[in-house]
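The structure under discussion appears below in the form of structure tokens.
Quick note: the coordinates plus some simple rules give every number you see, no bench work behind them. These numbers were taken from a predicted model, which means no experiment stands behind them. We place every Cβ from the backbone using ideal geometry, glycine too, and count neighbours over all the protein chains shown.
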Amino acid sequence: MQQQTEQLLASVLQRLESMLPVPPEKFDWTPAAYRWVKKRVLGTDLGTLQPVREVAHVDLESLLHIDRQKALLVRNTEAFVKGLPANNVLLTGARGTGKSSLIRGCLARFYNDGLRLIEVDKADLKDLSSIVDAIAGRPEKFIVFCDDLSFELAEGGYKALKAALDGSVAAGGDNLLVYATSNRRHLMPEPASDNLSSTLDENGDLHPGEVLEEKLSLAERFGLWLSFYPFTQNEYLAVVSEALRALCCAQAFCGDALSEDIRLEALQFAIERGGRSGRVGMQFAKLIAARFALEAGKAQ
């Protein structure tokens, strides 16, 4: 009976140990990226870093028509990995223009300099203090990455993020920054009613009301703002052209330029997708490359 009890306790302890976070001294810090995930242990959600074994590689040179944004983010990241002053960064603007790819590109460029990335869901940003504790004392530099960050009017999570950016992250030393992307410049919806409490002073200067000030205060926690804009027609076609060349799709060209049929089809594809962007250009290029490859296979 005693032996059975001991075996049961050992089994329970083994299962609990497998659910608990890996001790820092046994943790593998070589992967380029991690996810912050929650595990349910004895009725409590425990956060832990989970290594990402396969990270999508992005070459910064392949990202077109965002040269200014690229230069500013690379400079900020380079300063960070060198231990110089650097800012939390908010990348906002048109969808599909390379915001997330730019961050992954910086990871690829500075990985050998000790840069690592931690992907965090919006709901878990309140755990920033726990993330700071998890990487305390590490020689690597960590970017906490939150993709497509935004808050609705009824959400209170933005207040937790405000406190974290001013508090726990700043207190965590110089090995962590927050990089976030969003389609909203101020991260919050901005109905016209927000402006009703704005006032004019005796000089005629406009002063935002308290509601608007509260919303702006979150975005202001990010020291560097990078704005991204929809692609022009020529920029979009340039992305399509470069992508097709990278895919070795010579059939799409007439000389050095896209054939007229492919050019018109690319423009029609963008209209159907509701806008021009680098992402849409890459998607069209893959569609065309696959079509030509399949046609070539049938002809053999």
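Things to note:
- Ranked list, fewest to most other Cβ atoms within 10 Å of each Cβ, for L226, L294, L149: L294, L226, L149
- If a spin label sat at a point 7 angstrom from the Cα of E295 along the line to its beta carbon, the backbone N atoms of region 260-278 nearer than 11 Å would be those of 261-262.
- A viscosity of 0.890 mPa s and a temperature of 25 °C, combined with the Kirkwood radius over Cα pairs in Stokes-Einstein, give a translational diffusion coefficient for region 233-299 of 208 µm²/s.
- Exposure proxy ranking, count of Cβ atoms within 10 Å, fewest first, for V55, V280: V55, V280
- Per-residue Cβ neighbour rank within 10 angstrom, fewest leading, T48, T97, T92: T48, T92, T97
- Distance-filtered residues of region 86-113 - backbone nitrogen under 17 Å, label point 7 angstrom along R75 Cα→Cβ: 86-91, 106
- Set of lysines near K70 by C-alpha distance (under 25 Å), chain-local residues within fewer than 8 positions excluded: K82, K99, K122, K141, K286
- At R0 = 22 Å, FRET efficiency that the Cβ-Cβ distance of N87 and S62 yields, to 0.05: 0.30
- Computed label-point distance, nm, for sites S130 and D256 using a 7 Å Cα→Cβ extension: 5.6
- Size of electric dipole in region 233-299: Cβ of Lys, Arg +1 and of Asp, Glu -1, about Cα centre, debye, nearest 20: 260
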